[in-house]
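Take a look at the structure below.
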Amino acid sequence: MKIICIGRNYTDHIAELENEKPENPVVFLKPDTAILLKGQPFFIPEFSQDVHHEVEVLVRINRIGKHIQPKFASKYYDEISLGIDFTARDLQAQLKAKGLPWEKAKGFDGAAVVGKWIAKQELPPVDKLNFALNKNNETVQESNTALMLWKIDELIAYISQFFTLKIGDIIFTGTPAGVGPVAINDVLVGKLEGRELFNIKVK
Ligand code: ZN
């Protein structure tokens, strides 16, 4: 399986990192080894002094597809979750400054938190989902998928022009504002429509 991530999909987050609003979705991949194993803490890697949390809505692909049209995209997933795109912001800034790929800053072991999956029928429409990240019982990121620049079905259509989507592939749909550093002993809890989908301890 592969993990496909979208960058710069919420205007408020583009502004906080002083990035330009993109013409097309920003797409990057994480390897499958980036998935944080269930029940495991997240270990801050030794190569970074500034690892940030990015809470994101996740979609799991349930059938193979290429060149999917937006109007058919909803047939390609039936489960939604919430995750964290952990980012070594210091390393990413160095790589961005040199025009180099981001993989080391975003694809390291444990950098992809994948929460519990929920059937989409149990939730409001996918473009109207409230979600939040709590750090040590304080809300640090809170948004709604209605605020995405590109909606989930548009993202699936766009991504599938480049990559064949396969069963089990996971899409990270981008983070809203409020990203920030994590420290040892932090506890990160992700909630989608009030349901707790992950609870991660930082080590
Ligand atoms: Zn992200």
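Looking only at residues in segment 6-28 that are out of contact with any Lys or Arg (no Cβ under 6 Å at 6 or more places or on another chain) and aliphatic (A, V, I, L, M), which one is nearest to the ligand (Cβ to nearest atom)? Of everything passing the filter in segment 6-28, Ile6 is nearest to the ligand (Cβ to nearest atom).
Of the strands (runs of 3 or more DSSP E) lying entirely inside segment 77-180, the ones with 3 or more residues being within 14 Å of the chain's Cα centre (by Cα), under 21 Å from Thr11 (Cβ atoms) and modelled with pLDDT of 95 or more are found at 77-85, 130-135, 138-144.
Contact map, segment 71-95: first residue touching a residue at least 12 places away in the same chain (Cβ under 8 Å), second residue of a type in the set (Phe, Trp, Tyr) and more than 16 Å from the ligand (Cβ to nearest atom), Cβ cut-off under 8 Å, separation 6 or more or different chains; pairs are Glu79/Trp117; Ile80/Trp117; Ser81/Trp117; Ala88/Phe47; Leu91/Phe47. Do we have Asn136 as out of contact with any Pro (no Cβ under 9 Å at 6 or more places or on another chain) and at positive phi here? Here the answer is yes, as Asn136 does meet what is asked. Just so you know, in segment 29-56 the residues that are in a strand (DSSP E or B), more than 11 Å from the ligand (Cβ to nearest atom) and of a type outside the set (Phe, Trp, Tyr) include one that is farthest from the chain's Cα centre (by Cα), and it is Val51. Which of the residues spanning segment 87-107 are within 14 Å of the ligand (Cβ to nearest atom) and either of a type in the set (A, V, I, L, M) or closer than 11 Å to His52 by Cα (or both)? Scanning segment 87-107 gives Thr87, Ala88, Arg89, Gln92, Ala105, Lys106.
The values are calculated or read from the model by the stated rules, or taken from the named source; none is laboratory data. Keep in mind that what you see is a predicted model, and the values were worked out from it rather than measured. Counting neighbours? That spans all protein chains shown, and the Cβs are built from the backbone with ideal geometry, glycine included.
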